[in-house]
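What follows draws every value from the coordinates through simple rules; no lab data is involved. Fair warning: this is a prediction, and the values are worked out from it, not measured in the lab. Every residue, glycine as well, gets a Cβ built from its backbone with ideal geometry; the counts of neighbours run over all protein chains shown.
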Amino acid sequence: MTLYRVRMHAARSEEFPEGSKAHGYDFVVPLDKQMRLDPDAWKNHSRDCRVHRFWSGEEDQRGLLRHIGRGWVFDYDEEETDDNEPFFKLDRHEIKEGEYLSVKEQDGETRTFQIVSVQPYVQ
């Protein structure tokens, strides 16, 4: 298991016809040899699994990658649940450049993001 820093940008959509480098996430996640989320390693490194949400025109948000119930979420305030942004089946995706992940954001919209970099995380 290795911790990786993943950067993803908004993919092409009606909202972003060309995609957008100004809208996205940087996050740290433990990946196994198949470049899939390693839930057991996350248990030991949960506090290292930070997220930075950047969204043009809005204040940046910082939080943690958390496992809640059956799913994975970005959580910006551990005391609140209405700020959680759930992934669509994060644990079933290969995390590599060019792949896509979907996140249901705080406004209720599910948006697709393209992974633009995956690099070993150095603290």
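Could you work out the helix-only [θ] at 222 nm for the chain, with each DSSP H run of four or more residues adding -39,500 (n - 2.57) and the total divided by the number of residues, to the nearest 500 deg cm²/dmol?
One gets -1500 deg cm²/dmol as the mean residue ellipticity at 222 nm.
Using a Gaussian network model of the chain whose springs link C-alpha atoms within less than 10 Å, name the residue from Gly63, Gly108, Gly19 with the highest mean-square fluctuation.
Top of the fluctuation ranking is Gly108.
Where in segment 1-80 are there trypsin sites (Lys or Arg not before Pro) that are in a DSSP coil and have at most 10 other Cβ atoms within 10 angstrom of their Cβ?
Lys33, Arg70
Using θ = phi - 60° and the Karplus relation 6.51 cos²θ - 1.76 cosθ + 1.60, list the HN-Hα couplings for segment 91-97 in order, rounded to whole Hz, with x at every Gly or Pro.
6, 9, 9, 7, 9, 8, 3
Is segment 2-120 best put as rounded, prolate or oblate by its Cα gyration tensor, with a ≥ b ≥ c the root eigenvalues, rounded for a/c under 1.5, and otherwise prolate when a/b is larger than b/c, oblate when not?
Taking the square roots of the gyration eigenvalues as a ≥ b ≥ c, segment 2-120 is oblate.
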